[in-house]
Every structure is written in structure tokens, then in C-alpha cells.
1. What about G173, is it under 20 Å from Q29 (Cβ atoms) and either surrounded by fewer than 20 Cβ atoms within 10 Å (Cβ to Cβ) or modelled with pLDDT under 95 (or both)?
2. Do you know which residues across the range 45-70 are in a loop (DSSP other than H, G, I, E, B) and within 17 Å of M11 (Cα to Cα)?
3. Within the range 80-103, take every residue that is aromatic (F, W, Y) and not in a loop (DSSP other than H, G, I, E, B) and give me the one that is farthest from H137 (Cα to Cα).
4. Among the residues of the range 115-124, is any among the basic types (K, R) and loosely packed, with under 14 Cβ neighbours inside 10 Å?
5. Looking at the range 22-29, can you tell me whether even one residue there is closer than 17 Å to L81 by Cα and surrounded by fewer than 19 Cβ atoms within 10 Å (Cβ to Cβ)?
6. List every residue pair whose Cβ atoms sit under 7 Å apart, with the two residues 6 or more apart in sequence or on different chains, where the first one lies in the range 127-151 and is in contact (Cβ under 8 Å) with a residue 60 or more places away in the chain and the second, anywhere, is surrounded by 17 or more Cβ atoms within 10 Å (Cβ to Cβ) and basic (K, R).
7. Given the condition buried (at least 19 other Cβ atoms within 10 Å of the Cβ), within 17 Å of G129 (Cα to Cα) and hydroxyl-bearing (S, T, Y), answer yes or no: does some residue in the range 37-51 qualify?
8. Got a number for residues in the range 1-41 being closer than 25 Å to D76 by Cβ, more than 15 Å from the chain's Cα centre (by Cα) and of a type in the set (S, T, N, Q)?
Amino acid sequence: MLYLKSINTPMGIMRIGANDKGICLFDFQYRKSIYSIMKRIETYAGEQFVEGEHPYFALLEQQIGEYFLGIRKEFDLTLNLLGTPFQKSVWEGLMKIPYGETRSYKQQSIFLGNEKAIRAVAGANGENGIAIIIPCHRVIGENGSLTGYGGGLPKKKWLLEHERKHSGKTGQGELFG
């Protein structure tokens with residue numbers, strides 16, 4: 001069974017989903033593609049979401065609260081990544097981008113071993129249903145511009161500025177390039 005719950009955060013209402021294998025959803029309730037992401041998760045899990053509590057939720061809520069306070073820079077959560085092997089490799093690569101830093105889609109593609117896969121990497125980033133914890137907000141355009149984000153560009157900008165503030169990195173160049 002996939003359990004689903006809503007929580008309030010400084011970024012607005014977010015949906016948490018988990019089963020006994022781990023957290024599989026943490027995303028903005030009003031994100032345009034949240035329902036298609038939830039359908040994909042249900043398909044790969046072979047289970048349906050139902051409203052309810054799960055033991056993984058309390059730890060996620062604690063750690064995301066610490067993140068928003070600026071005291072947590074890495075998450076220690078059991079994740080259940082539900083997608084294609086390529087999507088999972090992209091999401092795992094995103095978790096290697098250090099707090100307070102960014103990478104371009106091209107840098108992510110090179111990191112994954114295929115420089116020409118920029119659009120595919122961007123597509124997999126867009127399918128990430130575990131916001132903040134899998135930090136797709138840390139991926140920007142090659143020229144340093146903020147590019148698409150499922151939660152919207154204002155939220156992406158806020159997250160990047162929050163991380164810069166709490167990382168000890170002061171220059172915009174360290175953040176956006």
C-alpha cells in the first residue's frame with residue numbers, strides 16, 4: 001500500500017507518499033504534473049495511494065523542518081525511487097550535487113556519462129517527484145539562468161538562496177555557476 005499525506009511547509013502544502021520500501025513522493029500539492037507523477041509511482045509500485053500515516057513520514061517531517069531552519073544540509077531518509085532505470089540514475093546523480101552548489105544540465109549529462117543526453121536529463125529532472133530531498137532545484141542553465149522547476153521558478157530561486165545563505169558560500173558565482 002502507498003500511503004499519502006499533506007503537510008504545510010514554508011514552500012506551501014506538500015504531499016508525502018511512502019510504502020514499506022521508502023519515501024516515493026514529496027512534492028508540491030499544486031504542481032501541474034503531480035497527478036501524472038503519482039500515477040507513474042503507482043504503476044511502478046503496483047499499488048494505489050491511500051490517505052493515511054506511515055512511519056517514514058515523521059522522519060521526513062523532522063528532517064525537512066531542519067532543512068527549512070537551515071540546520072540540515074543532507075537528508076538521511078529511506079527513498080523508494082520509482083521510475084525507469086535512466087530516471088533513477090538521474091535522480092541518484094542529483095543527490096550528489098552538494099548543498100549550496102549548482103550544476104548545469106550539461107554538467108549533469110557529463111556526470112552521467114553522456115554529454116548529449118541534456119534533454120533526457122532535463123526530462124528526468126522534471127519527472128522527479130521527491131522535491132528538495134532529490135535536489136533538482138540545484139540544476140540550472142549552462143549560462144547560469146534559472147530554468148524550469150516543477151514548483152515554479154520563484155520556489156527554485158528561494159531554495160537556492162536559502163541554501164547559499166546556510167552553506168557559508170557568499171558569492172552568486174558560487175551558487176549560479
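The values are calculated or read from the model by the stated rules, or taken from the named source; none is laboratory data. Keep in mind that what you see is a predicted model, and the values were worked out from it rather than measured. Neighbour counts are summed over all protein chains in view; Cβ atoms, including those assigned to glycine, are modelled from backbone coordinates with ideal geometry.
1. Working: under 20 Å from Q29 (Cβ atoms): no; either surrounded by fewer than 20 Cβ atoms within 10 Å (Cβ to Cβ) or modelled with pLDDT under 95 (or both): yes.
No.
2. G70 - this is the single residue of the range 45-70 that is in a loop (DSSP other than H, G, I, E, B) and within 17 Å of M11 (Cα to Cα).
3. Taking the candidates together, the pick is F86.
4. yes
5. Scanning the range 22-29 turns up at least one residue that is closer than 17 Å to L81 by Cα and surrounded by fewer than 19 Cβ atoms within 10 Å (Cβ to Cβ).
6. Matching pairs, first to second residue: G150/R31; G151/R31.
7. The answer is no; no qualifying residue exists.
8. So the count comes out to 3.
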